[in-house]
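Since every read-out is calculated from the coordinates, none of them should be taken as a lab result. Since the structure is predicted, the reported quantities are computational estimates derived from the model, not experimental observations. Here Cβ is always computed from backbone atoms with ideal geometry, including for glycine, and neighbour counts include all displayed protein chains.
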Amino acid sequence: MSLAPDTWEQAGQLLQPPPPAAAAERFRALSLADLLDALEATHQQLAARPGLPLQDSDLPGIALALLERPFLPPAAGPSQELGSERDQLRHAADTLRHRLVGDTVTYVVNRNLNTSNHCVLRCQFCAFRREAGEPGAYRLPPEELERRAEEACRSGATELCLQAALDPDARLGGSHLAFAADLLRRLRRAAPDLHLHAFSPQELLFIAERDGVSLETVLAELQAAGLGSVPGTAAEVLSDAVRRLICPEKLSARAWVAVILQVHRRGLASTATLMAGHVEGAADRAAHLLSLVAIQRQARRLGLPGFSEFVLLPFVGAMAPAPLRRRVGRDQPDPSAMLLLTAQVRLLLGPAFPHHQPSWVKLTLPVAAEALRWGCDDLGGTLMEEHITTMAGALGGIRQTPAALRAAAARLGRPVRERTTLYGRPLSAIP
């Protein structure tokens, strides 16, 4: 087995099941104010008792009650009634954001590199993958990736974000690990000052399993080659009932957790994500968010880097297979529903996750900027190019300029600054 036995065991303990309906029973009748008070008290209890299992707290029941609560859609027109539960929720999330990180909006100047869309998997929601030789299939040669890294450096980037499909032919001397490590070394030579944020848990496990080596070996070699942090994608929803419907060939929820635990144990931070707005229910969302809290609490207890931020990834189905599109019933995210979920997530993850980011690629920049009023504090990266979501039919575009991101925050009257991948301040931005 590529995964370390002890992290596999821990993953089984930290992965949270969907809360049963009965767990939320005594919280459903509460007013929103009382429910949020109960949530705050539970966060305080968990902070005071770091070893307390989530199952022994009220958090599962509160999470389910909040996520299934029937918030009314916003009234027509630009006004928002302060008395509505939606606005109460928005205000509570915005207040927590202010308490944890202040009013400054951050962004990172980065370049996204989707290195190949050749893939051995056939996920139900994916419009990115191609078979080798199929129209639209590509694999960027290392020399082109080096050129793009150099270009990013000249443009003021501080990060390269690498993600790809599971390419069966991405090998060097027959080894996927050798190919990946060589790529990182090439990028470091081309742009030595850029942070390499690369390889999702699915990609890391794929490399280990295809090469017949341990995940620990993969992480050690990639870290030595320059890996700086890991995208927390491929999580989708950490509920195997949902994964069986949308990505049955992907790694299991428990395997995703186990990979993340080993990533953190190596001293590497990762992001955390949730792909929402498709076939998942409130209990599935609760299981996912509770699992993230459990992982983050353990990381903090052990002094590990843990998750650097949470990113909500609304489902884009415009180019998804027809059966899934029919089941979901929409091609683009519902902005109102995603803003509501943004606030719910900020409150449920609580102080364990200071930084929250919307996806302007999926939501468009105006809606992502509105999410800054619903609990987010960061606008993400400039990307410079993006293909995975764009090929799914997203309307947000493939790049933003720093000026556009700064203007989006400024329109809300919020201060804004550039950050690095792990939320430091780039040297060029320090007076």
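Values as computed for the structure displayed
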item: With Cα atoms, 0 to 90° folded angle of helix 32-48 axis to the chain main axis; result: 60 degrees
item: Per-pair calculated FRET efficiency, R0 = 56 Å: residue 169 and residue 412 via Cβ, rounded to 0.05; result: 0.75
item: Stretch gain in nm, segment residue 300-residue 68, where the contour uses 0.36 nm per residue and the Cα spacing is subtracted; result: 80.6 nm
item: Tilt relative to the chain, helix 85-101 - C-alpha long axis, 0 to 90 degrees, to 10; result: 60 degrees
item: Where GluC sites (Glu not before Pro) in DSSP loops with at most 16 other Cβ within 10 Å are excluded, longest remaining stretch of the chain; result: 250-384
item: Debye log10 I(q)/I(0) for the chain, one point scatterer per Cα, at q = 0.10, 0.12, 0.13 Å⁻¹; result: -0.67, -1.00, -1.20
item: Full-extension gain in nm, residue 155 to residue 44, via 0.36 nm per residue minus C-alpha separation; result: 35.6 nm
item: Sites residue 138 and residue 279 - FRET efficiency at Förster radius 22 Å, r taken between beta-carbons, to 0.05; result: 0.15
item: Of all DSSP beta bridges in the chain, antiparallel share, percent nearest 5; result: 5 percent
item: Listed residue (251, 206, 263) projecting farthest to the positive dipole end of region 198-313, Cβ model; result: 263
item: Relative contact order (%) - the chain, alpha-carbon pairs under 8 angstrom, separation at least six; result: 23 percent
item: For region 1-56, average projected area of the Cα convex hull in nm²; result: 5.3 nm²
